[in-house]
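Each value in this text was obtained by applying a stated rule to the coordinates, not by laboratory testing. Computed from a predicted model, the values in this text were never measured in an experiment. Cβ: placed from backbone, ideal geometry, glycine included. Neighbour counts: every protein chain shown.
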Amino acid sequence: PEKAEKVYLQLLERVPDDVSVLNNLACLLAETVNPPRPAQALIYSQRAYDLMRQKGVSIPLLMDTHGWVLTLAGHQQEGILLLRETVDRSPFVDACYHLGEAYLKNNSPELAAEPLRQADQLLQKAKADKKPVDTALEAKIADALKRLAAALDAKHQAALP
């Protein structure tokens with residue numbers, strides 16, 4: 001990850017407005033480097049998002065990254081809004097998973113259920129269609145579904161007299 005970060009930074013010196021490089025660097029900083037640096041990732045995802053908007057286009061992968069980075073950087077409401085918009089426009093596994101996780105982080109398991117189940121269904125469909133599947137993401141979705149069940153059970157138990 002550290003080598004990749006250096007390469008992305010070198011690429012940005014040459015082409016500072018490359019939204020793909022900005023997006024990839026944001027992803028790397030948000031989750032891959034150890035320790036993750038979501039506040040720094042937000043600088044790059046925001047720049048990519050702003051450039052996308054200036055061009056008048058909507059790129060779901062950029063929107064997903066920016067919404068997720070916003071969430072990780074502590075801007076949960078803004079992140080959830082952008083992730084919800086992304087999933088509504090173009091549901092794909094990562095975006096659905098990120099939206100579900102954002103709801104879990106926001107202590108809203110009842111809202112997390114639909115996007116997490118949708119992420120799992122999309123992933124299972126990809127597997128059935130013999131498409132490549134990110135096994136790390138598959139494990140994250142399975143873990144999120146377990147945490148969802150526990151959170152829903154806890155809310156149910158708390159509501160009992």
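Which value, in debye to the nearest 20, gives the size of the charge dipole of the chain about its Cα centre, when Lys and Arg are +1 and Asp and Glu are -1 at the Cβ?
Result for the chain is approximately 160 debye, rounded to the nearest 20.
Please work out the FRET efficiency for the pair residue 92 and residue 158, using the Cβ-Cβ distance as r and a Förster radius of 25 Å; give the result to the nearest 0.05. Please list the in-between numbers first.
Working: r = 34 Å, r/R0 = 1.35.
Calculated value: 0.15.
Against the chain, whose longest principal axis comes from its Cα atoms, helix 60-72 is set at around 70 degrees.
Which order do peptides 33-39, 86-92, 110-116 fall in by mean Cβ count within 10 Å, highest first?
Working: 33-39: 13.3, 86-92: 16.9, 110-116: 18.9.
Peptide ranking by packing, descending: 110-116, 86-92, 33-39.
Here the scattering of region 79-126 is modelled by Debye summation over its C-alpha atoms, one equal scatterer each and no solvent; at q = 0.14, 0.25, 0.29 Å⁻¹ the log10 of I(q)/I(0) is -0.27, -0.81, -1.03.
Residue 126 sits among other residues whose Cβ lies under 12 Å from its own Cβ, and their net charge, with Lys and Arg +1 and Asp and Glu -1, is -1. The 3J(HN,Hα) values that the Karplus relation (6.51, -1.76, 1.60; θ = phi - 60°) gives for region 153-161 are, in residue order, 5, 4, 5, 5, 4, 5, 7, 6, x Hz. Gly and Pro appear as x. Here the 3J(HN,Hα) profile of region 8-23, calculated from phi with Karplus coefficients 6.51, -1.76 and 1.60 at θ = phi - 60°, is 4, 5, 5, 5, 5, 5, 7, 9, x, 10, 7, 5, 5, 5, 4, 5 Hz, Gly and Pro shown as x.
Normalised by residue number, the volume inside the convex hull of the Cα atoms of the chain is 124 Å³ per residue. Based on Cα contacts under 8 Å between residues 6+ apart, the chain shows a relative contact order of 13 percent. The Cα atoms of region 58-99 give a gyration tensor whose axes a ≥ b ≥ c have a/c of 1.5 or more with a/b greater than b/c, which makes the shape prolate. As a calculated quantity, the FRET efficiency between residue 75 and residue 128 at R0 = 35 Å, using C-beta atoms, amounts to about 0.45. Evaluating 6.51 cos²θ - 1.76 cosθ + 1.60 at θ = phi - 60° for every residue in region 112-117, the Karplus couplings come out as 6, 4, 4, x, 5, 5 Hz, glycine and proline recorded as x. For the listed residue pairs 6/140; 105/125; 3/130; 125/146; 3/140, the alpha carbons are over 29 angstrom apart in 3/130.
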